[in-house]
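Engineer: Sharing a structure below in structure tokens format, with a few things to ask.
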Amino acid sequence: MTHAISIDGLAYRAGRHFAIRDLRMRVPNGSVYGFLGPNGSGKTTTIRLLLGMLPPADGTITVLGHDVPSGAHHALARIGYVPERLHLYPMLTVDETLRYHASFYARWDVTEAERLRCAFDLRAEQRVGRLSKGEAGKLMMLLALAVRPELLVLDEPTDGLDPVVRRDVLAAVLEYVSTHGATVLVSSHLVHEQERVCDWIGVMDGGRLVAEMPMHAFRSGIKRLRISGAPLLAAATPFGILARRTSAGREEEWVVRDWRDDMTSWFATSDAALREVVDLDLEESFVETLRAAREAGGRAA
Amino acid sequence: MFGQTLYVQWKWNRDFLAFYTAVGFAAPLLILWIALPHLGLTSARELVSVGRVVGITSAVIAVVAGLTVAWHGYGIDDRVGHIYALSLPITRSRALGIRAGAAALILTLPALGVWVGASLAASQVDLPTTLHSYSGSLASRALLAAWLAHACMFALRYSAGRRAQLVLATLVICIGVLGFATEAVPSARGVIMRAGDFVISNPGPFGVLFGRWTLIDV
């Protein structure tokens, strides 16, 4: 098994306006996979589908070698999950929540749970319903980590948390991953946060996975090129063109993907002059990828 | 797992359970204390009537307790979108089984209240030799009624989810229409009455709710 999560031809419809169609996704074992996308793009729905919480209309989902949803409970025993909102019972105390959660997991690590509770400064007798947003986020992360998961599924785990709590939570995840070699699927629209921790990236938009690649390829492969004398038709490029805009005079600005330095020679053969190659940060790459996907989707429609 | 679920159910429902247990305990005593001064010591018929009032009150308490625990118990997951329950590593059928079992266990408390209250109430009365008190039977029956009511509401809530109110309203309307039909369509009366008798009489599915409920009887 080389992929912790493997999805093929996944389809799901929620209401009249949102659908996931023919989704293919691979999360390699041991990777930290950043699941990027704007709000409402289908990240949370995809996560709920792969955890067996929603029934797919079509397609196959395999998580840690188990078919989902039929074998979801086997997979869930090896997964630590942090949803985007507090999902715990508000009338229980922190200590009662730990005991309740532990009763469902054979892999529950009592020592680690207590260590994290102290590290996160959570009082055992405090009621879950009275926890601050930061404390609730830390408690959910504690529950996910103390089951010693092989796969961590984090849905917007730091959304709305202050920078200190965010750092604590991310540090706990990274420490766990470095110690145990677990796979992480982390969904977020906070692009810079993903840039720091992820080694794979998937970009979701409108229920489609519009890009999936190693982080280094995403970061280094997407460039902004300034070109003069650009050819009218650029069909046979060795790179993919995400966007093409006219700037001053006969100059054009192209946003391209799969770029390598040796591709500069292509411009000489096409009577165009490459003036500048500009590196994009992850957020710009993300925005350009989304824009290109939407334009392509619009054209297809 | 079951113990923890039981604890969570208890903590979530304990206010209602305490209320129904207290009412189940107090109702037989109060009814007899109110009724006794007005009864002749040898008035067997009046004692049986009072026993019936106690029995019917116990039935109502048991049914309402069962319905409340099922309706309210669903809310614990509904308010968090069922995300927690669905993310636990357990099959849905097993989760529902554990949840139903835990609820069945905590519903013994109101029945226990009825048993203790009814036993104390019965001990306050000098029964003629022809009459007997049935506090144990009454409590057992209250427990069965609470379980049945809970099971019906539990099935409705977990199968219909947020549409439960709609389904419930539809059921009430259907019963109303059938009641109207027995009057308006004489030819259908026999069929409807027979079906109704089957449902509410022993050994029909709801027989335990509609049979003779009494604390004092011959």
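The values are calculated or read from the model by the stated rules, or taken from the named source; none is laboratory data. Keep in mind the model is a prediction, meaning the values are calculated, not measured. Using ideal geometry, Cβ is built from the backbone for each residue, glycine included, and neighbour counts are taken over all protein chains shown.
Okay, residues lined up against (1) in a loop (DSSP other than H, G, I, E, B); (2) more than 26 Å from the chain's Cα centre (by Cα):
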| position | (1), (2) |
| --- | --- |
| A:His73 | no, no |
| A:Asp95 | no, yes |
| A:Arg99 | no, yes |
| A:Tyr105 | yes, no |
| A:Thr111 | no, yes |
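Engineer: Can you say whether B:Arg157 is crowded, with 17+ Cβ neighbours inside 10 Å and closer than 30 Å to B:His82 by Cβ, as far as the supplied structure shows? Walk me through it before giving the result.
Structural biologist: Values: crowded, with 17+ Cβ neighbours inside 10 Å: yes; closer than 30 Å to B:His82 by Cβ: yes.
Taking the combined requirement at face value, the residue satisfies it.
Engineer: Give just the number: which of (1) in the same structural domain as A:Arg26 (by TED's automatic domain parsing); (2) at pLDDT below 80; (3) closer than 30 Å to A:Arg13 by Cα does A:His192 not satisfy?
Structural biologist: Just one mismatch for A:His192, condition (3).
Each row is one residue, and each column tells you yes or no for (1) of a type outside the set (Val, Ile, Thr); (2) touching a Cys at 6+ places or on another chain (Cβ under 7 Å); (3) assigned to a strand (DSSP E or B).
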position: A:Glu195; (1), (2), (3): yes, no, no
position: A:Met204; (1), (2), (3): yes, no, yes
position: A:Glu212; (1), (2), (3): yes, no, yes
position: A:Arg219; (1), (2), (3): yes, no, no
position: A:Thr237; (1), (2), (3): no, no, no
position: A:Arg245; (1), (2), (3): yes, no, yes
position: A:Trp254; (1), (2), (3): yes, no, yes
position: A:Trp259; (1), (2), (3): yes, no, no
position: A:Thr264; (1), (2), (3): no, no, no
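Engineer: Identify all residues within segment B:73-89 that are outside any loop (DSSP other than H, G, I, E, B), closer than 26 Å to B:Thr108 by Cβ and facing chain A (nearest Cβ under 7 Å); write none if there are none. Write out each step before concluding.
Structural biologist: Applying the first criterion (outside any loop (DSSP other than H, G, I, E, B)) to segment B:73-89 yields B:73-78, B:83-87.
Keeping just the survivors that are closer than 26 Å to B:Thr108 by Cβ gives B:73-78, B:85.
Within segment B:73-89, B:Ile76 is the sole residue that qualifies.
Engineer: If you check A:Tyr81 against the conditions, is it aromatic (Phe, Trp, Tyr) and assigned to a helix (DSSP H, G or I)? Break it down stepwise before answering.
Structural biologist: Values: aromatic (Phe, Trp, Tyr): yes; assigned to a helix (DSSP H, G or I): no.
In short, no.
Engineer: In the list B:Ala70, B:Ala44, which residue meets the criterion of being more than 14 Å from chain A (Cβ to nearest Cβ) and under 26 Å from B:Leu209 (Cβ atoms)?
Structural biologist: Numbers: B:Ala44 fails: under 26 Å from B:Leu209 (Cβ atoms).
One residue alone meets the criteria, B:Ala70.
Engineer: Another question about this same structure. Across segment A:55-114, what is the total count of residues that are at the interface with chain B (Cβ under 10 Å from one of its Cβ atoms), within 24 Å of B:His72 (Cβ to Cβ) and of a type in the set (A, V, I, L, M, F, W, C)?
Structural biologist: 5
Engineer: crowded, with 20+ Cβ neighbours inside 10 Å and either not basic (Lys, Arg) or not in a helix (DSSP H, G or I) (or both): which single residue out of A:Gly30, A:Gly59, A:Gly34 fits that description?
Structural biologist: Details: A:Gly30 fails: crowded, with 20+ Cβ neighbours inside 10 Å; A:Gly59 fails: crowded, with 20+ Cβ neighbours inside 10 Å.
Going through A:Gly30, A:Gly59, A:Gly34 in turn, the sole match is A:Gly34.
Engineer: Does A:Ile241 count as surrounded by fewer than 18 Cβ atoms within 10 Å (Cβ to Cβ) and either in a strand (DSSP E or B) or among the small types (Gly, Ala, Ser) (or both)?
Structural biologist: Details: surrounded by fewer than 18 Cβ atoms within 10 Å (Cβ to Cβ): yes; either in a strand (DSSP E or B) or among the small types (Gly, Ala, Ser) (or both): yes.
Yes: the conditions hold for A:Ile241.
Engineer: May I pose another question? Can B:Tyr134 be described as more than 14 Å from chain A (Cβ to nearest Cβ) and either hydroxyl-bearing (Ser, Thr, Tyr) or touching a Lys or Arg at 6+ places or on another chain (Cβ under 7 Å) (or both)? Don't jump to the end; show me each part of the working.
Structural biologist: Details: more than 14 Å from chain A (Cβ to nearest Cβ): yes; either hydroxyl-bearing (Ser, Thr, Tyr) or touching a Lys or Arg at 6+ places or on another chain (Cβ under 7 Å) (or both): yes.
Taking the combined requirement at face value, the residue satisfies it.
Engineer: Another question about this same structure. Restricting attention to segment B:98-136, which residues are assigned to a loop (DSSP other than H, G, I, E, B) and under 24 Å from B:Asp15 (Cβ atoms)? Even if it seems obvious, please write down each step before you answer.
Structural biologist: If we filter segment B:98-136 for residues that are assigned to a loop (DSSP other than H, G, I, E, B), which is where we start, we get B:107, B:124-131, B:134.
If the condition is that a residue be assigned to a loop (DSSP other than H, G, I, E, B) and under 24 Å from B:Asp15 (Cβ atoms), then B:Leu107 is the only one that fits.
Yes/no matrix, rows are residues, columns are (1) surrounded by 15 or more Cβ atoms within 10 Å (Cβ to Cβ); (2) closer than 21 Å to B:Ser135 by Cβ; (3) not aromatic (Phe, Trp, Tyr):
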{"position": "B:Asp15", "(1), (2), (3)": "no, no, yes"}
{"position": "B:Tyr20", "(1), (2), (3)": "yes, yes, no"}
{"position": "B:Pro37", "(1), (2), (3)": "no, no, yes"}
{"position": "B:Ala44", "(1), (2), (3)": "yes, yes, yes"}
{"position": "B:Ile61", "(1), (2), (3)": "yes, yes, yes"}
{"position": "B:Trp71", "(1), (2), (3)": "yes, no, no"}
{"position": "B:Gly75", "(1), (2), (3)": "no, no, yes"}
{"position": "B:Arg79", "(1), (2), (3)": "no, no, yes"}
